[in-house]
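Since the structure comes first, as structure tokens, the remarks are kept for the end.
Please treat every number below as a calculation from the coordinates, not as lab data. Because the structure is predicted, anything quoted here is derived from the model rather than measured. When we count neighbours, we look across all protein chains shown, and the Cβ atoms used for this are built from the backbone with ideal geometry, even at glycine.
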Amino acid sequence: MATHLAHRIADHAPGERSTLVRAVTLLFGMSVFLGLIPWLLWRLGERVGGHFGALGAGRAGDVVGCAAIAGGLLLASWVARRQWFVGHGTPAPFVPTQTILTDGPFALCRNPMQLGAGLYYFGVCLVAGSWISAVTAWVVSMAIGSAYHRLVEEKELAMRFGAAYEEYRARTPFLFPRLR
């Protein structure tokens with residue numbers, strides 16, 4: 001099934017989309033990314049936290065949460081700008097970039113949008129909920145995002161960009177940048 005989805009995306013990917021299509025896709029994706037997904041993760045985290053009698057995160061949680069929100073949004077914005085202006089696409093798989101991106105945030109790791117989203121979700125759930133809610137959001141978003149990227153996106157990118165993607169994949173970490 002994952003390979004079939006990768007083939008479908010790769011078949012649909014070629015061909016630059018109009019600015020209107022890219023803008024509508026980006027706005028829709030932003031509403032899902034900034035609103036729906038964090039709300040769902042917060043609800044899940046609160047259910048998990050309720051089983052452990054979790055309390056709010058307090059002042060330290062607010063500070064850490066706000067820093068995670070800011071860092072996640074900055075990284076996600078950087079990625080989206082590179083995908084829009086350099087790759088002529090969006091973060092959405094159905095309006096993907098038309099060129100392989102290996103610089104900027106993509107030089108740090110192969111999935112900087114997932115890293116930025118995970119930080120954002122962690123921060124939102126920490127500020128709105130508890131430490132347990134935030135950790136639940138982080139774990140769930142990293143697990144689902146990593147599964148998608150490993151099972152679908154990496155295959156699709158290899159189909160579209162061939163050896164250039166395989167070389168990039170070999171030298172660039174999957175999710176967490178190397179500390180040098």
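By how many degrees, 0 to 90 and rounded to 10, does the Cα axis of helix 131-148 deviate from the longest principal axis of the chain?
Between the helix axis and the principal axis of the chain, the angle is about 20 degrees.
If neighbour count is taken as other Cβ atoms inside 10 Å, put 125, 66 in order from fewest to most.
With the fewest neighbours first, 125, 66 line up as 66, 125.
Charges at C-beta only: +1 for Lys and Arg, -1 for Asp and Glu. How large is the resulting dipole of the stretch 2-171 about its Cα centre, in Debye rounded to 20?
80
Using Cβ counts within 10 Å as a stand-in for footprinting exposure, how do 77, 141 rank, fewest first?
77, 141
Mind giving me the nanometre distance, one decimal, between the label points for residue 146 and residue 4, set 7 Å out from Cα along Cα→Cβ?
Inter-label distance under the simple model: 2.7 nm.
Please report, for the Cα atoms of the stretch 78-180, the Rg to one decimal and the Dmax as a whole number; what are they, in angstrom?
For the stretch 78-180, the Cα radius of gyration and maximum Cα-Cα distance read 14.5, 45 Å.
When 140, 21 are ordered from fewest to most other Cβ atoms inside 10 Å of their Cβ, what list results?
Least crowded to most crowded, the residues run 21, 140.
What distance in nm separates the simple spin-label points at residue 171 and residue 60, each placed 7 Å from Cα in the Cβ direction?
4.2
Rounded to the nearest 10 degrees, what's the angle between the helix 112-128 long axis and the longest principal axis of the chain, both from Cα atoms, 0 to 90?
20
Could you list the square roots of 5 times each eigenvalue of the Cα gyration tensor of the stretch 2-171, that is, the equivalent ellipsoid semi-axes, sorted largest first and rounded to whole Å?
31, 16, 15
Can you give the calculated 222 nm mean residue ellipticity of the chain, where each DSSP H run of n ≥ 4 adds -39,500 (n - 2.57) and the sum is split over every residue, rounded to the nearest 500 deg cm²/dmol?
Helix contribution divided over all residues of the chain: -22500 deg cm²/dmol.
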